[in-house]
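**Student:** I'd like to ask you about the structure that follows.
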Amino acid sequence: MKKLFSKLFIVGAMGLLVMSCSDDNEDIAINTGDGIDAKLNINYADSLSASVDTDLVTDGQVNVRVAIESDETVRRVYITQNVFGQGEEAVDAEALFGSSIDTKGDGSIDVENGFSGLQVYFFNISLANLPAASGTIVYKFWATKNKGDFRDDTKDIVESVATLTVELGDGQNPAAELIAVNDVRLFAPTADLQSKSFVSTNDGMVYALDESEFVDLWDVGYTAQGGNPQLTSAFSSPQRFFAPGSTTVTESFQELIARETGVEASDLNMVYFVDIADSFDFDGAEESGDLSDLAVSMTDSQTIDIPTDASGDIIAFIDQYGKKGVIRIDALVDGDSDGNFFEANDYVQIDIKVQP
């Protein structure tokens with residue numbers, strides 16, 4: 001996938017020191033002397049953004065202080081990065097900072113038992129590890145009172161989002177490239193929840209139904225029970241299962257997810273689909289602007305049939321975050337050749353391109 005290089009150089013470029021207030025919320029001393037190039041505090045409007053021109057940094061590294069200050073209880077801290085305008089990506093805190101940081105399954109910082117008051121993070125960004133090019137690297141930091149979402153900085157947010165912009169050269173970004181993922185296999189959902197039935201269009205990761213920590217990342221899924229094989233959003237999946245203690249298929253997908261994960265249907269992602277057949281140049285689409293004119297909207301259906309002879313068919317989609325994409329059907333596989341497409345070895349294989 002694209003963006004792998006950007007993930008790696010950022011991971012290798014930063015270090016962390018955390019300072020926090022005591023249980024009785026006493027103030028702590030914060031290093032405010034020389035050597036701090038950017039200071040952010042999510043509780044103060046005039047400290048929510050900072051910009052650093054790397055041409056003016058003389059010691060080879062950008063020193064950053066981010067203060068999380070709130071009367072509400074903070075449970076998680078999220079960090080994203082946008083390298084050269086190519087789209088926001090989650091920063092996995094454990095991969096970034098090692099075992100000194102506790103993380104949740106989605107990579108956010110786990111604030112064990114929560115805190116209120118003040119917590120301070122110090123980052124060092126080594127200029128030696130940044131690419132020799134012009135553009136910006138934008139970091140966003142925010143805290144949540146419950147489980148948040150890397151793609152939605154308003155969900156369960158505490159206070160505000162802090163933004164750090166690191167400018168290289170003239171600060172002009174190139175055109176944004178599409179996220180492209182090939183050979184994604186989505187298997188028919190099974191009642192044991194082991195089937196890898198959903199993909200996140202943000203990074204191409206495929207998730208099994210029992211990976212509940214990532215349920216808010218599920219975008220496009222596969223279903224076939226009781227009718228034609230379909231692509232579906234997590235929010236509107238028509239899949240049904242055997243309810244506990246029942247010998248008939250009575251439990252909806254949404255009911256099963258709520259029972260197994262505690263996540264209600266209202267928190268599941270919405271994706272909307274339109275079949276555009278073979279009228280779109282899938283291979284020729286490379287930049288975000290190539291998808292801007294796709295005729296798909298948030299009034300379209302959240303499920304779409306996959307014809308059994310759909311190899312090469314193109315489906316346009318838009319997600320709840322407003323990003324447009326295209327899916328190419330490579331193959332619809334009936335693993336045991338019985339014509340039903342909804343058993344454990346049945347799957348659809350797709351290619352995806354989506355705006356970053």
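The values are calculated or read from the model by the stated rules, or taken from the named source; none is laboratory data. Values in this document were obtained by computation on a predicted structure and should not be read as measured data. No Cβ is skipped: glycine too gets one built from the backbone with ideal geometry, and neighbour counts run over all protein chains shown. Surface areas here come from the heavy atoms of the whole protein model, side chains and all, with no ligands, DNA or RNA. Shrake-Rupley method; radii C 1.70, N 1.55, O 1.52, S 1.80 Å.
**Student:** Going by a ≥ b ≥ c, the root eigenvalues of the Cα gyration tensor, does segment 126-275 fall in the rounded group (a/c under 1.5), the prolate group (a/b larger than b/c) or the oblate group? All intermediate terms of the calculation are to be shown ahead of the outcome.
**Tutor:** Working: a/c = 3.07, a/b = 1.93, b/c = 1.59.
Prolate.
**Student:** What FRET efficiency comes out for Asp300 versus Asp336 if R0 is 25 angstrom and r is the Cβ-Cβ distance? Round to the nearest 0.05.
**Tutor:** Working: r = 33 Å, r/R0 = 1.32.
After rounding to 0.05, the efficiency reads 0.15.
**Student:** Still on this structure, please answer the following. At a temperature of 20 °C and a viscosity of 1.002 mPa s, determine how fast segment 310-356 diffuses translationally according to Stokes-Einstein, using the Kirkwood radius over alpha-carbon pairs as Rh; express D in µm²/s, rounded to the nearest whole number.
**Tutor:** 179
**Student:** Along Cα→Cβ, 7 Å out, is where each label goes; now give me the distance between the ones at Arg185 and Asp203 in nm to one decimal.
**Tutor:** With each label point 7 Å from Cα toward Cβ, the separation is 2.2 nm.
**Student:** Can you give the accessible area per residue of the chain, in Å², using a 1.4 Å probe? Display every interim value, and only then the final one.
**Tutor:** Details: 15550 Å² over 356 residues.
Value returned for the chain: 44 Å² of accessible area per residue.
**Student:** Taking Cα pairs under 8 Å and at least six residues apart, what relative contact order does the chain come out at, in percent?
**Tutor:** Numbers: 858 pairs, mean separation 54.1, N = 356.
That works out to 15 percent.
**Student:** Once you keep just the Cα pairs under 8 angstrom separated by 6 or more residues, what percentage relative contact order results for segment 144-235?
**Tutor:** Values: 111 pairs, mean separation 15.4, N = 92.
Result for segment 144-235 is 17 percent.
**Student:** Using per-residue counts of other Cβ atoms within 10 Å, averaged over each peptide, order 153-165, 286-298 from highest down. Could the numbers behind the result be given before it?
**Tutor:** Numbers: 153-165: 17.9, 286-298: 14.1.
Top to bottom by mean Cβ count within 10 Å: 153-165, 286-298.
**Student:** Can you give the three extents of the C-alpha atoms in the chain along their principal axes, from longest to shortest, in whole Å?
**Tutor:** 71, 50, 33
**Student:** Order of 184-197, 308-321 by packing, highest average Cβ count within 10 Å first? Intermediate values should be presented prior to the final figure.
**Tutor:** Numbers: 184-197: 19.4, 308-321: 17.8.
Highest mean packing first, the order is 184-197, 308-321.
**Student:** To check my understanding: the extent here is largest minus smallest coordinate of the Cα atoms along each principal axis. What are those three numbers for segment 142-215, in Å, largest first?
**Tutor:** Here the spans come out as 52, 35, 13 Å, largest first.
**Student:** Tell me, what % of the accessible area of the chain is carbon and sulfur with a 1.4 angstrom probe? Could you put the intermediate results ahead of the total?
**Tutor:** Details: 7000 of 15550 Å².
Within the chain, the accessible surface is 45 percent carbon and sulfur.
**Student:** Please report the relative contact order for segment 122-183, taking Cα pairs under 8 Å with a sequence separation of at least 6, and give it as a percent rounded to a whole number. Don't skip to the end; give the middle numbers.
**Tutor:** Working: 66 pairs, mean separation 23.9, N = 62.
Taking the mean separation of contacting Cα pairs over the length of segment 122-183, I get 39 percent.
**Student:** What distance in nm separates the simple spin-label points at Thr154 and Ser212, each placed 7 Å from Cα in the Cβ direction?
**Tutor:** In this crude label model, Thr154 to Ser212 measures out at 2.8 nm.
**Student:** Within the P(r) computed for segment 209-347, what percentage of the Cα pairs occupies the region above 27 Å?
**Tutor:** Values: 2437 of 9591 pairs.
Value for segment 209-347: 25 percent of Cα pairs lie more than 27 Å apart.
**Student:** For a bin width of 5 Å, list the pair-distance distribution of segment 205-274 built from all Cα-Cα distances, rounded to whole %.
**Tutor:** Taking all Cα pairs of segment 205-274, the binned fractions are 3, 17, 26, 28, 17, 7, 1, 0 percent.
**Student:** Non-local amide H neighbours of Asn43 (under 5 Å, H modeled in plane, Pro and chain starts lacking H): which ones?
**Tutor:** Amide H neighbours of Asn43: Glu69.
**Student:** Right, something else. Full extension from Arg259 to Asn124: what is 0.36 nm times the residue separation minus their Cα-Cα distance, to one decimal in nm? Let's see the in-between values first.
**Tutor:** Numbers: separation 135, 0.36 × 135 = 48.60 nm, distance 4.29 nm.
My answer for the length gained is 44.3 nm.
**Student:** So if we plug the beta-carbon distance of Asp71 and Ser99 into 1/(1 + (r/R0)^6) with R0 = 35 Å, what FRET efficiency do we get, rounded to 0.05?
**Tutor:** Working: r = 31 Å, r/R0 = 0.87.
My answer for the efficiency is 0.70.
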